[in-house]
Amino acid sequence: MDRLRQRADFLAVANGARANSPAFVLQSRPRDDSGPVRIGFTVTKKNGNAPERNRIRRRLRELVKRLDPVSMQPHHDYVLVGRRDALSRDFATMLDDLRIAFTKPARHTHKGSRGQRPGPASAASRKPD
(Lines give C-alpha, C1' and ligand atoms only; values in the text may rest on other atoms or scores of the structure.)
Protein backbone atom coordinates (compact mmCIF):
# COMPACT_ATOMS: atom_id res chain seq x y z
CA MET A 1 0.00 0.00 0.00
CA ASP A 2 1.36 3.39 -1.04
CA ARG A 3 0.61 6.90 0.14
CA LEU A 4 -0.98 9.70 -1.85
CA ARG A 5 1.18 12.80 -1.75
CA GLN A 6 0.36 14.88 -4.85
CA ARG A 7 -2.38 17.50 -4.66
CA ALA A 8 -3.73 16.43 -8.06
CA ASP A 9 -4.28 12.90 -6.73
CA PHE A 10 -6.19 14.22 -3.71
CA LEU A 11 -8.37 16.38 -5.97
CA ALA A 12 -9.10 13.44 -8.27
CA VAL A 13 -10.22 11.27 -5.36
CA ALA A 14 -12.39 14.12 -4.01
CA ASN A 15 -14.63 13.75 -7.08
CA GLY A 16 -15.17 10.04 -6.38
CA ALA A 17 -17.42 8.11 -4.03
CA ARG A 18 -17.80 9.00 -0.34
CA ALA A 19 -18.70 7.18 2.86
CA ASN A 20 -19.39 9.33 5.92
CA SER A 21 -18.62 8.59 9.55
CA PRO A 22 -18.67 10.82 12.64
CA ALA A 23 -14.86 10.77 12.84
CA PHE A 24 -13.91 10.83 9.14
CA VAL A 25 -15.04 10.81 5.53
CA LEU A 26 -13.69 8.07 3.28
CA GLN A 27 -13.33 9.11 -0.35
CA SER A 28 -12.49 6.54 -3.02
CA ARG A 29 -11.79 6.45 -6.73
CA PRO A 30 -10.92 3.54 -9.05
CA ARG A 31 -7.75 3.80 -11.14
CA ASP A 32 -7.06 2.38 -14.59
CA ASP A 33 -3.52 1.21 -13.85
CA SER A 34 -2.44 -1.97 -12.09
CA GLY A 35 -0.58 -0.26 -9.26
CA PRO A 36 -1.11 -0.91 -5.55
CA VAL A 37 -3.80 0.63 -3.40
CA ARG A 38 -2.88 4.19 -2.44
CA ILE A 39 -4.23 6.07 0.57
CA GLY A 40 -3.96 9.68 1.68
CA PHE A 41 -4.82 11.52 4.88
CA THR A 42 -5.98 15.09 5.30
CA VAL A 43 -7.32 17.23 8.12
CA THR A 44 -8.48 20.81 7.54
CA LYS A 45 -7.59 23.77 9.72
CA LYS A 46 -11.15 24.11 10.99
CA ASN A 47 -10.53 20.94 13.04
CA GLY A 48 -8.15 22.61 15.46
CA ASN A 49 -4.59 23.78 15.84
CA ALA A 50 -1.58 21.92 14.44
CA PRO A 51 -1.07 19.46 17.35
CA GLU A 52 -4.76 18.49 17.27
CA ARG A 53 -4.72 18.02 13.49
CA ASN A 54 -1.57 15.92 13.73
CA ARG A 55 -3.17 13.77 16.43
CA ILE A 56 -6.22 13.20 14.23
CA ARG A 57 -3.94 12.28 11.31
CA ARG A 58 -1.92 9.85 13.48
CA ARG A 59 -5.12 8.15 14.67
CA LEU A 60 -6.31 7.76 11.06
CA ARG A 61 -2.97 6.27 9.97
CA GLU A 62 -3.11 3.79 12.85
CA LEU A 63 -6.64 2.78 11.83
CA VAL A 64 -5.44 1.93 8.34
CA LYS A 65 -2.46 -0.02 9.70
CA ARG A 66 -4.79 -2.17 11.81
CA LEU A 67 -7.25 -2.72 8.98
CA ASP A 68 -6.73 -5.82 6.86
CA PRO A 69 -5.73 -4.80 3.32
CA VAL A 70 -8.14 -7.38 1.87
CA SER A 71 -11.06 -5.06 2.64
CA MET A 72 -9.66 -2.43 0.26
CA GLN A 73 -10.44 -2.81 -3.41
CA PRO A 74 -7.39 -3.25 -5.65
CA HIS A 75 -6.47 -0.46 -8.09
CA HIS A 76 -8.21 2.21 -6.00
CA ASP A 77 -7.12 5.45 -4.37
CA TYR A 78 -8.54 6.37 -0.96
CA VAL A 79 -8.47 9.56 1.08
CA LEU A 80 -9.43 9.75 4.74
CA VAL A 81 -10.58 13.24 5.67
CA GLY A 82 -10.38 13.63 9.43
CA ARG A 83 -13.08 15.28 11.51
CA ARG A 84 -12.88 16.75 15.00
CA ASP A 85 -14.75 13.78 16.52
CA ALA A 86 -11.69 11.63 15.76
CA LEU A 87 -10.03 13.15 18.83
CA SER A 88 -12.64 11.93 21.30
CA ARG A 89 -14.19 8.90 19.58
CA ASP A 90 -13.27 5.45 20.88
CA PHE A 91 -10.56 3.85 18.72
CA ALA A 92 -12.35 0.48 18.44
CA THR A 93 -15.51 2.25 17.31
CA MET A 94 -13.56 4.18 14.70
CA LEU A 95 -12.03 0.93 13.44
CA ASP A 96 -15.53 -0.56 13.08
CA ASP A 97 -16.65 2.60 11.27
CA LEU A 98 -13.74 2.26 8.84
CA ARG A 99 -14.53 -1.40 8.14
CA ILE A 100 -18.16 -0.47 7.47
CA ALA A 101 -17.09 2.42 5.23
CA PHE A 102 -15.02 0.06 3.06
CA THR A 103 -17.93 -2.38 2.70
CA LYS A 104 -20.68 0.20 2.08
CA PRO A 105 -21.84 0.71 -1.45
CA ALA A 106 -20.22 3.94 -2.51
CA ARG A 107 -22.26 7.09 -2.95
CA HIS A 108 -21.08 9.15 -5.86
CA THR A 109 -21.25 12.89 -5.68
CA HIS A 110 -20.98 15.12 -8.68
CA LYS A 111 -19.80 18.54 -7.63
CA GLY A 112 -20.63 20.11 -10.98
CA SER A 113 -24.36 19.38 -10.73
CA ARG A 114 -24.83 20.46 -7.13
CA GLY A 115 -27.13 23.45 -6.71
CA GLN A 116 -27.82 23.93 -10.41
CA ARG A 117 -31.32 23.97 -11.77
CA PRO A 118 -32.19 23.02 -15.29
CA GLY A 119 -32.64 26.09 -17.44
CA PRO A 120 -35.54 26.78 -19.75
CA ALA A 121 -35.63 24.74 -22.91
CA SER A 122 -34.41 26.53 -25.97
CA ALA A 123 -36.88 27.58 -28.62
CA ALA A 124 -35.32 25.23 -31.16
CA SER A 125 -36.04 22.17 -29.00
CA ARG A 126 -39.70 23.00 -28.39
CA LYS A 127 -42.43 21.50 -30.51
CA PRO A 128 -44.52 24.00 -32.45
CA ASP A 129 -48.16 24.33 -31.34
Matching residues in region 62-84 (part of a helix (DSSP H, G or I) and either touching a Cys at 6+ places or on another chain (Cβ under 7 Å) or surrounded by 15 or more Cβ atoms within 10 Å (Cβ to Cβ) (or both)) number 3
Please work out which one of (1) part of a strand (DSSP E or B); (2) surrounded by fewer than 19 Cβ atoms within 10 Å (Cβ to Cβ) is the condition Gln27 fails and give its number.
(2)
Kindly indicate whether any position in region 4-20 is polar (S, T, N, Q) and buried (at least 17 other Cβ atoms within 10 Å of the Cβ).
no
Any residue that is over 15 Å from Arg18 (Cβ atoms), of a type in the set (S, T, N, Q), part of a loop (DSSP other than H, G, I, E, B) and at pLDDT 95 or above - is there at least one of those in region 85-103?
yes
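The values are calculated or read from the model by the stated rules, or taken from the named source; none is laboratory data. Source: prediction; values computed, not measured. Glycine also receives a Cβ, built like all others from the backbone with ideal geometry; neighbour counts cover every protein chain displayed.
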